[in-house]
Amino acid sequence: MNDKEIQKATDNKQIKPFGEGHMLWVPPGYEVVTEAPAPAETQTHLWDYIWLLWNRRWMVALVFLLCAGAATLKMLRATPIYEAGAKLQIERDAPKIVAFEGNDTALSSNNGAGFVETQIQILQSRTLARQVVEQLNLFAGRKAAVAEGPDVLDAFGVKDYVKSFVEGVADPIPTEGSAEDRQMQYRIAAFLASLGIARIKDTGIVYVSYRSPDPQQCADVANALCDAYIRWNYQTKSESYAYAQKWVDQNLYEAKAKLEKSEEDLYKYAGSEQVLVLADNMEGLTKNYEATRQELAIAERALREREFELKALEENKTPEPLIEETRLKGLREQLAAVNMKYDQALLTFGTEMNEVKVLKTERDHLAALITEEEKNVATLRQQQRDRALAEARLAYERAVSSRDSLKQHADAQQKQLVDLQQRLVQYNILKREVEVNRSIYNSLLESSRQVGVTSSLKAGNVAVVERAERPLAPKLPNKPRGIALGAFLGLFLGVGLVFFLEYMDQSVKTTEEVQRLTQLAPLGMVPHVGPAKRGAGAVAPERLTEAQPTSIMAESIRSLRTALQYSRPGRAPQTLLVTSSLPGEGKTTVATNLAIAYAQRGLKSILIDADLQKPGIHKIFPESSCEVGLTEILTGTKTTHVNVKTSIPNLSVLTSGSRPPNPADLLDSRVMRDLLALLSEKFDRIIIDSAPVLHLAAPTVLMPLVDGVVLVAQPGKTPRGALRRLSDKLRTLGLHEKVLGVVMNNARGRFAGEGRGYGYGYEYGYGYGYGAKGGNGLALPGNGNGKGNGRHNGNGNGKVTANVNSTSPSR
C-alpha cells in the first residue's frame, strides 16, 4: 500500500494508528478492541466431565483394578457355600375348646393376620435351634470360639457373607456363665446366622433354608428343623388339650356346685314366702285394685260437685226463687198502676177530690202490704238458705268420707300388690340364676366331651410339602456377579474419587474463571512441555523458545508477545513487569521466554531479575553471571557496566546480585527510577522478573515504574482465593489499571486442550527469521483452519496483518 492509498484509507477510517510507528489495517465493518471484553458466562459442558475423567484416567483405572482384583481374589478364595431348603405348609388351626351359645372362645391366640409371621418367629426361636444343634451335634469341637467371644462366627468358619443373614435374629452372644453354656449359645448363634426362613408370597407355605460348606449338612439341618417344629407343634397342641381338659373339669365341678346352691335357694325362698300361692291370686288382686281405683275416681268427682254447691250457697247464691217473691212482684205492679192513676187524678182534679183521696188511700195500703211482704220474703229466704247450707255441708262431708274410705282401700290393695311383685322379682332372680348355672354346667359338660374326642384325634395343621435334598451346586459365591459388582464398585469409586478431588481442588481451571475473578483480559496460554517434547538435549523450559523456536511453547510465547504489542492503544508497552500471586507459578519461565521472543523479533531487550529474595535468572543464563547485579547497582557499591550480553543476539541480562536486607526499599529508591530511565533509552524492551505479589511488597513498589504488568497463573495450581486477594490488593493500591492481563502458564491436559475451547492450532508452513531488523513486516498467524496440536480446531473470523512502516525496531 503506497502513501496515497494509506492517506485514502485513513480518511475512510480504515487505517488507524496503533502504537509508535505502527498502522493497523481494519477491514470495513470491523472495529479495534482496546479493552478487555467482559467475561462470558461459562456453562459446564459434557466435554468438561469427559476431559476431567480423561485427565485423571490413571486414578480411575487404578481404583477400578484394585476393586475388581480384590473382588476376583475374594471370589476365587471364598469357600463354596451350599444351600438346601424345605417347604412347610402352615394352616391356621384354632379348634373350639369352650363354646357357649352366641360366644365362641378359642384357646389359640393366633387368629390374627400375622399367624404365619408368628410361626416364622417360632421357627427362628432359640428353643428349636437348640434341639437341632444337639440332635445333629452342629459346630462341635469349636472350643477356641468360647474364649474368642465376639469372633465366634469366624471361629466357626461362617464367613462374612453369612453374617448378612443374621439381621437381628440372633441374640447377643453372652459373656457370662459357664463355658458349656457359652459354647452352646455360640453354637446356637452360628446356627441362626446360617438359617433362612421366608414366606412364599400370598401363600401359607414357608421356605426353610440352611447354608453350609457341607451340602449334606444343609439338607439334614433343614429337614431336622422342620421335624422339630412339627414335634413342637404336636406337643404344644397336646399340652393345650390337656390344659383345656383340666380347666374344663375344674370349672365343671364349680359350675355344678353353683347350680345346686342356686336351686336350693330358689326352693327355700318360694316355700317361705308362699310366692307360688300368691302368684295364683295375682290376677284377682289386680282386678280388685283397678275397680277400687275407678270407684275412687267417681267419689273424687262427686266430692268436687258437693264442694262447688257449698261454695255457691256460701256466696249468697239461691239456687231457686221463692213463691212469695212472685206475690211481692204482683203487689209492686199494682202499686205502680195506682201511683200512675193517682198522679193523673191529682193533675186533673187536685187534692180535694174524693177520687184522688181514694187512690191515695189505696196507694198507702198497697205500700204497707209490700213492706210487710218484703219482710216475710226475707225471713223465708234466710230460712231456705240455712236449710240448703245444712244439706250441702252434710252432702260434702259424706262425699269426703266416701273418698277417704276408697283411698285407704286402694292404698292397701296397692301395697299388697307391690309386696307381691317384689317377692316375684326376687323369685325370678333366683330362677334366672338357676337357669344360667344350668346352662354353664351343660356347656362345660358338652365341652368336656368335645375335648376328650378332639384330643384323641390330634390332627395337626403343619405339613412338610417338600423335604430338603442334597444340593448339587454351591449357592455362594456367585463369582460372575461378585466380580462384576467389584468392577462396578471400583468404577463408581474411581469416578467418585475424581469428582471429589475436583470438588476439593480450589485452583483455577480456565481463562474464563481467571477473568471472572480478576476482571483482567487473558493474554494467552503457555502449555506444559515435558522432557519428551524438549528433545534429546532436555532443554530447560526457561530457554525453550531459543532452543526450539518451532515448538508449541515458543509459538505460544510469540502469541503472548503479539498480544502485549497491542495491549495498550497508541503505544506498545516498553517496560514490562512479570509477576504472579504465589511462588512456583512460572513467572520466571514466562519472563525469560518472553525476553528471548522479543530479542528474536529484533528488538534490543534486557531481562532484569528483580526477585531479590529468590533470584533465578543467574541459573538460567550462567554465561551472564558476574559480580555486579541489581543489588550492587542500587546500593552503589559497584559501578561496573551493567549491560551484560548473552549468547542470544539482542538480549542482555541483569541478574539480582547479592541478597539485600531490605529489597522493597531498594526497589522503591530514586536510583531504581533513574536506572529504568537509563535502560529505556538504550533498550527497546525491558522485562523485569519480580517476586510474587501476595508474599512480598517489592512487586507493588515496581508497578508504578513500568508501562505494564503481566500476571502469571498456573491452571490446576493457582488458588482462586489467591487470585481474588491479588485483584483486591491491586484495586486497593490503585494498581489494577497497570495490569495488561493474565497468562496461563504450564497448562496441562484439559487445561491446554479443548476443555472449553482453548487449544493451539497452527500451520507450520512458513519460515522463521529471528534477529533481523527492518523488512516489510511479519505476517502473524491467526486462528485459521490449521491442524491443531491438541483437540482444538480453531475457525478464525479473519486475518490480522501488522505492517511495520519503519526500518528501525518498533517500540
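Nothing in this text is a laboratory measurement; each read-out follows from the coordinates by a stated rule. None of the values given here were measured: they were computed from a predicted structure. No Cβ is skipped: glycine too gets one built from the backbone with ideal geometry, and neighbour counts run over all protein chains shown.
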Sum of side-chain charges, Thr588 neighbourhood, beta-carbon under 14 Å (Lys, Arg +1; Asp, Glu -1): -1
Cα-Cα over 24 Å, subset of Lys87/Lys475; Lys509/Lys614; Lys268/Lys407; Lys287/Lys415; Lys645/Lys682: Lys509/Lys614; Lys268/Lys407
Sites Thr635 and Asp728 - FRET efficiency at Förster radius 25 Å, r taken between beta-carbons, to 0.05: 0.15
Burial ordering of Ile50, Ile122, Ile686, Ile648, fewest other beta-carbon atoms within 10 Å first: Ile50, Ile122, Ile648, Ile686
Point-to-point label distance, Arg449-Asp249, nm (Cα→Cβ direction, 7 Å offset): 1.8
Gain upon complete extension [Ser658, Gln422; 0.36 nm per residue less C-alpha separation]: 71.6 nm
For segment 550-606, the Rg and Dmax computed from alpha carbons only, in angstrom: 11.7, 34
Ranked Thr72, Thr326, Thr655, criterion: other C-beta atoms within 10 Å, fewest first: Thr326, Thr72, Thr655
Leu497/Lys619 FRET efficiency (R0 35 Å; Cβ-Cβ; nearest 0.05): 0.35
Sum of side-chain charges, Leu730 neighbourhood, beta-carbon under 12 Å (Lys, Arg +1; Asp, Glu -1): +3
Surrounding net charge for Gly350, when Lys and Arg each add one and Asp and Glu each subtract one, Cβ distance under 14 Å: -1
Taking Leu359, Leu380 and counting other C-beta atoms within 10 Å, the order from fewest to most: Leu380, Leu359
Pair Arg481, Asp364: separation of 7 Å Cα→Cβ label points (nm): 15.8
Approximate spin-label separation Arg720-Asn339, in nm, with each point projected 7 Å along Cα-to-Cβ: 13.9
